[in-house]
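Here's the structure, in structure tokens; my notes come after.
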Amino acid sequence: AQTVTQSQPEMSVQEAETVTLSCTYDTSENNYYLFWYKQPPSRQMILVIRQEAYKQQNATENRFSVNFQKAAKSFSLKISDSQLGDTAMYFCAFIQGGSEKLVFGKGTKLTVNP
Amino acid sequence: EAGVVQSPRYKIIEKKQPVAFWCNPISGHNTLYWYLQNLGQGPELLIRYENEEAVDDSQLPKDRFSAERLKGVDSTLKIQPAELGDSAVYLCASSLTSAGIQYFGAGTRLSVL
């Protein structure tokens, strides 16, 4: 069974600085997708970034980028120029190609301090 | 374009009472998901619909939970009777296809007293 592990329950960063959230996953398959979702206090899960496992290039969305290390099964999220609005729970998630089941980690609570 | 809409946002009931949650997915999205999110945890899939057919309900506690998606659009998740341990956030999501990006609603926070 696929599992997703987020080893940092909580993190904090100063506004305008950079922070990296860790995620590791376990699978024996080669075809899969990885996601980072953000869940602010409003509870709505918002897609931050998506990575296809077959792509070697790391995905980037504005201030958000990932470091995808397929051999190490690692998928970390880097947030540059942190903003107060980035304060939220961040969930790493995995879905195997051909499967429709999205598996989430337990989340990392990120606080951006002014 | 409207996102996934859920109602109510909050629900407080006494144990053994019934409760229902409603979800309206993004227009045109064939796949609909219900997730359970316990405090401090990531969401876990309860049931997945392809149009009006429940294609994965293996994690749905069928003794007290039921769901339906009439006409392949809106969906309702019901608990009867509710137990204290059902207190959680219930999230609905939809995607264009079964392997597509999932878009989530704001969820319903259920408190069972």
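Side notes on the structure shown:
- Qualifying GluC sites (Glu not before Pro) for the stretch A:7-114 [loop in DSSP, other Cβ within 10 Å: at most 13]: A:Glu15, A:Glu17, A:Glu29
- Candidate lysines for bridging to B:Lys15, where Cα separation is under 22 Å - those fewer than 8 sequence places away on the same chain excluded: B:Lys62, B:Lys78
- Loop-located chymotrypsin sites (Phe, Trp or Tyr not before Pro) in the stretch A:12-114 (DSSP state other than H, G, I, E, B) with a sparse environment of at most 14 neighbouring Cβ atoms within 10 Å: A:Tyr54.
- Neighbouring partner chain Cβ atoms per residue of A:39-52, average, 10 Å criterion: 4
- The stretch B:51-113 and the stretch A:15-41 have Cα centres spaced 24 Å apart.
- Take the Cα of A:Arg50, go 7 Å toward its beta carbon, and the backbone nitrogen atoms of the stretch B:31-62 under 14 Å from that spot belong to B:31.
- Within 10 Å of the Cβ of each residue in B:29-41, the mean number of Cβ atoms contributed by other protein chains is 2.
- For the stretch B:1-54, GluC sites (Glu not before Pro) meeting the loop criterion (DSSP other than H, G, I, E, B) and having at most 12 other Cβ atoms within 10 Å: B:Glu1, B:Glu14.
- Remark: mean inter-chain Cβ contacts per residue of A:89-98 equal 2, using a 10 Å Cβ-Cβ cutoff to other protein chain atoms.
- Of all the options B:Ile26, B:Ile79, B:Ile101, the one that moves most in a Gaussian network model of chain B with Cα springs shorter than 10 angstrom is B:Ile101.
- For A:Ser12, net neighbour charge (Lys/Arg +1, Asp/Glu -1) across residues whose Cβ lies under 14 Å away: -3
Each value in this text was obtained by applying a stated rule to the coordinates, not by laboratory testing. The model shown is predicted, which means the values in this text are computed figures rather than measured ones. Every residue, glycine as well, gets a Cβ built from its backbone with ideal geometry; the counts of neighbours run over all protein chains shown.
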